[in-house]
Amino acid sequence: MGDVPFLKMNGLGNDFVVVDSRETGRRYDRAAVRRISDRARGIGCDQFIVLETPRTQGADVFMRIYNAEGGEVDACGNASRCIAAIVSEESGRPEVTIETNAGLLASEVSGPVATVDMGRPRFDWDQIPLAEPFADTTGIELQIGPIDAPILHTPSVANVGNPHAIFWVDDVARFDLARIGPMLENHPIFPERANISLAQVIAPNRVRVRVWERGAGITQACGTAACAVGVAAARKGLTGRTVTVELPGGPLTIRWRESDNHILMTGAWSLDGEGVLPAELLEGTPA
């Protein structure tokens, strides 16, 4: 089927392999995505991104997103900034509209920084979704550890293109996220699994965050998690509506616009290199 060029990009260390299927229409199955994403035997990435012809009038590109485990997801904030940069360079325009399964994302690129309108967050229990009703999603009944002394408890939940649970802690470094992340991601309360964040408010306009990303594990940064943390902190009165979210890979500015409740996410993007995917990754034995 011919060579498949790829770009290696990252947003604050959240890294991606990006391929362009706008002319070829090529699709990728779960096994191929897992082989490509494998850091030991493949190219290695947190998410595999496929550019496709947009379906909606006015969109510049359709962005298909796969987590490293091979499953397709609807949103990725850090990848959105990278794709906006690619399309902006192609068109010569700073404004780019990206179509995803979660909807249209308006973005603006300014050199090494891009701003993406991530749309409105959703807070109703069945929109996140949760397995049972909760009237107040600023803090739901969920804990791990002894009932009288839980390790983590009462997370805020939100959907920013995908499900998020945010646990408010005094020190994000104190917890073994590699151990508790998979347990919480797959908790029965989350029928579609969830991204798990530990969030530490360090000032009225700053929050420190670590993320276990659904289907990818611990990542240096997760754009949708930063958005979810920003709006959840504002809903709880812990911060204002504009915050800097400090992730291990660097900061993102999250502004929850009052006029329409859209989330504006601003942060850096980077092109790390390029190459051609080897045939054995595309057509090898299932991973």
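The values are calculated or read from the model by the stated rules, or taken from the named source; none is laboratory data. Here the structure is a predicted model, which means the values were calculated and not measured. Cβ sites come from the backbone with ideal geometry, for glycine too, and all protein chains shown count toward neighbours. What goes into the accessible areas is simple: the full protein's heavy atoms, side chains included, and nothing from ligands, DNA or RNA. Shrake-Rupley method; radii C 1.70, N 1.55, O 1.52, S 1.80 Å.
Can you list which of the chymotrypsin sites (Phe, Trp or Tyr not before Pro) found in segment 1-79 are DSSP loop residues with at most 11 other C-beta atoms within 10 Å? Please report the intermediate quantities before stating the final value.
On the way: sites: Phe6, Phe16, Tyr28, Phe48, Phe62, Tyr66; in loops: Tyr28.
Nothing satisfies the criteria.
Distance from the C-alpha centroid of segment 219-284 to that of segment 93-126: 11 Å, rounded to the whole angstrom.
Considering only protein heavy atoms, what per residue accessible area in square angstrom results for segment 198-287 with a 1.4 angstrom probe?
Numbers: 3750 Å² over 90 residues.
Heavy-atom SASA per residue in segment 198-287 reads 42 Å².
Convert 25 °C to kelvin, take the viscosity as 0.890 mPa s, use the Kirkwood radius over C-alpha pairs of the chain as Rh, and evaluate the Stokes-Einstein diffusion coefficient in µm²/s, rounded to a whole number. Display every interim value, and only then the final one.
Numbers: Rh = 19.1 Å.
The estimated diffusion coefficient comes to 128 µm²/s.
Percent relative contact order of segment 85-136, based on C-alpha pairs within less than 8 angstrom and at least six residues apart? Please report the intermediate quantities before stating the final value.
Values: 51 pairs, mean separation 10.5, N = 52.
Relative contact order here is 20 percent.
Quick one: Cα convex hull volume of segment 188-278, Å³ per residue?
Values: hull volume 13.2 nm³, N = 91.
Enclosed volume per residue, from the Cα hull, is 145 Å³.
So what is Rg over Rh here for segment 124-249, counting just Cα atoms and using Kirkwood for Rh?
On the way: Rg = 13.1 Å, Rh = 14.3 Å.
Over the Cα atoms of segment 124-249, Rg/Rh equals 0.92.
Nonpolar atom fraction for segment 215-258, defined as the carbon and sulfur part of the 1.4 Å probe accessible area, stands at 43 percent.
For the chain, with a Gaussian network of springs between Cα atoms less than 10 Å apart, report the residue from Leu51, Leu152, Leu184 with the top mean-square fluctuation. Highest fluctuation of the listed residues: Leu152.
Based on a Kirkwood Rh over C-alpha pairs, give the Stokes-Einstein translational diffusion coefficient of segment 66-168 at 20 °C and viscosity 1.002 mPa s in µm²/s. Walk me through the intermediate numbers first.
Numbers: Rh = 15.8 Å.
Approximately 135 µm²/s, per Stokes-Einstein.
Roughly speaking, to the nearest percent, how much of segment 85-210's 1.4 Å accessible area is carbon and sulfur? C and S atoms contribute 49 percent here.
Could you provide, to the nearest whole Å², the per residue accessible area of segment 72-179 with probe 1.4 Å? Could you put the intermediate results ahead of the total?
Working: 4850 Å² over 108 residues.
Counting only protein heavy atoms, the per-residue value for segment 72-179 is 45 Å².
Computing the accessible area with a 1.4 Å probe over protein heavy atoms, can you report the carbon and sulfur percentage for segment 7-81? Provide the component values of the computation, followed by the final result.
Numbers: 1150 of 2790 Å².
Carbon-and-sulfur percentage of accessible area, whole number: 41.
Comparing Glu23, Glu192, Glu89 in a Gaussian network model of the chain, where Cα atoms under 10 Å apart are tied by springs, the biggest mean-square fluctuation is seen for Glu23.
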